[in-house]
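The values are calculated or read from the model by the stated rules, or taken from the named source; none is laboratory data. If you're wondering where the values come from, they're calculated on a predicted model, not measured in any experiment. When we count neighbours, we look across all protein chains shown, and the Cβ atoms used for this are built from the backbone with ideal geometry, even at glycine. The protein model used for the area step is the full one, side chains on, heavy atoms only, and it has no ligands, DNA or RNA in it. Shrake-Rupley method; radii C 1.70, N 1.55, O 1.52, S 1.80 Å.
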Amino acid sequence: MKAYQELSKKELLLLKAELEDAYKEAKGRGLKLDMSRGKPGASQLDLVEDMMDTLNSASDMRTEDGIDVRNYGLMDGIPEAKRLMGEMIGVPAENVIVCGNASLSIMYDSISRSVTHGVMGSTPWCKLDKVKFLCPAPGYDRHFAITRHFGIEMITVPMTPQGPDMDMIEKMTAEDASIKGIWCVPKYSNPQGYTYSRETVERFARLKPAARDFRIYWDNAYAVHPLYEDRDDYLPEILGLCEAAGNPDLVYEFCSTSKISFAGAGIAAVAASKANLDEIRKSMTIQTIGYDKVNQLRHVRYFKDINGIREHMRQQAQQVRPKFQAVLGVLERELAGLEIGQWTNPNGGYFISFDALEGCAKAIVARCKEAGVVLTGAGATFPYGVDPRDSNIRIAPSFPTPEEMTMAAELFALCVKLVSVEKLLEKCANAA
């Protein structure tokens, strides 16, 4: 089959009729599949089911320092949990605070604290006329939801396979003191699966922002999530690079075990400089008596160290990889050479990013939903939910089974074809 743009109007009309028949048949199958969010599949959760047996009524509930985790104390995390989370992202334990079950909550708190109380003595953002945030896009919709919730103006920064456009970031942060931060998913980015290059990370570390309260929100959610044992992307460790560049306080780094252990009952952490952590602790003394140290101890006793996490993630990849391969196989078989879409083939993470013809994403997502396959809403990967090209679609293969993913991907490819033909026929009509 030749590229769709090369087809005549007559050929497009004939193809449209064929695709409509196939779509009608697909709707009749009664599919009910959800690949709208990056949720772990049941088989992944089954891998850690025995974590529930790690602690019981006969267990020693004391830390390695002899602190009883059932009681108050150690507000910022037990020492062994700090060490484990630090190993996961390559930073010393003393640079880590372990919190609750979700890194998103820590990010929300960080923004909220900056709005109400400022950053290390700077003016609280709520007292400023304008506060802006840089948002690499396509990006993580929940990041954008936080800044939008607080009324912060979001500025889209284009993404590349090496990371966000650093020329734009360097220029804007140096010139505009109202820019207070940037969202980043530096390894296996959401949704494209890109990993920032060494040059990109080093340029981040050397930033000279006009605002002294500017912070990089480094959401290292997929630090240990390769899909292939021999193709784990390398990400330089940013805290050390910032310190070496004379910018020790420039970054907040976030991580969690939400997609490692239990999605609703993992542990999350923030890593930063001593000055940043001291400020966070001041708020924590007001906010909480302490987080769930029993769960922290459970995780440490179960995984033991970074080698335990890596072995677990190797097993987890065996569950997730066939789902990615199912989607990629269908896209290659059904869409390669038609020039109506392009997609990423990441080495890790949780998503595949698909770019349709301009003006087609919303219609494709709607067609899929009508036939029983739910995708992330078109535009969700951009600030304010607006994709200026109406092109990007995030595919989350993790939750359904490989067989379900094959069916969902086949329907998706069919909808891409049908909507693309409709768009090309619309162009023909407008040109007439």
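Observations on the structure shown:
- Just so you know, in segment 324-381 the residues that are among the charged types (D, E, K, R) and in a loop (DSSP other than H, G, I, E, B) include one that is farthest from the chain's Cα centre (by Cα), and it is Glu339.
- Test for Glu87: is it open to solvent by 40 Å² or more (accessible area, probe 1.4 Å) and not in a loop (DSSP other than H, G, I, E, B): yes
- Of all residues making up segment 375-432, the number that are over 25 Å from Ala263 (Cα atoms), touching an Asp or Glu at 6+ places or on another chain (Cβ under 8 Å) and open to solvent by 50 Å² or more (accessible area, probe 1.4 Å): 2
- Qualifying residue in segment 87-106 (condition: acidic (Asp, Glu) and within 20 Å of Lys180 (Cβ to Cβ)): no
- Of all residues making up segment 210-224, the number that are farther than 21 Å from Ser112 by Cα and either open to solvent by 20 Å² or more (accessible area, probe 1.4 Å) or touching a strand residue (DSSP E or B) at 6+ places or on another chain (Cβ under 8 Å) (or both): 3
- Scanning segment 286-293 for residues that are on the phi > 0 side of the Ramachandran plot, out of contact with any Ser or Thr (no Cβ under 6 Å at 6 or more places or on another chain) and touching a residue at least 60 places away in the same chain (Cβ under 8 Å) turns up at least one hit.
- Flag if Gln319 is touching a residue at least 24 places away in the same chain (Cβ under 8 Å), at negative phi, within 20 Å of the chain's Cα centre (by Cα) and open to solvent by 40 Å² or more (accessible area, probe 1.4 Å): yes
- Selection status of Thr116, farther than 19 Å from Trp218 by Cα, over 27 Å from the mean Cα position of the chain (by Cα) and modelled with pLDDT of 95 or more: no
- Members of segment 86-145 that are more than 30 Å from Val300 (Cβ to Cβ), in contact (Cβ under 8 Å) with a residue 60 or more places away in the chain and among the aliphatic types (A, V, I, L, M): Val119, Met120, Ala137
- Taking segment 386-432 as the range and being part of a loop (DSSP other than H, G, I, E, B), closer than 26 Å to Gly348 by Cα and of a type in the set (A, V, I, L, M, F, W, C) as the test, the residues that pass are Ala396, Phe399.
- Residue count, segment 273-293 (criterion: within 30 Å of Leu45 (Cα to Cα) and open to solvent by less than 20 Å² (accessible area, probe 1.4 Å)): 1
- Considered as a group, the residues in segment 129-148 that are over 17 Å from Pro191 (Cα atoms) and among the charged types (D, E, K, R) include one that is least open to solvent (accessible area, probe 1.4 Å), and that residue is Lys132.
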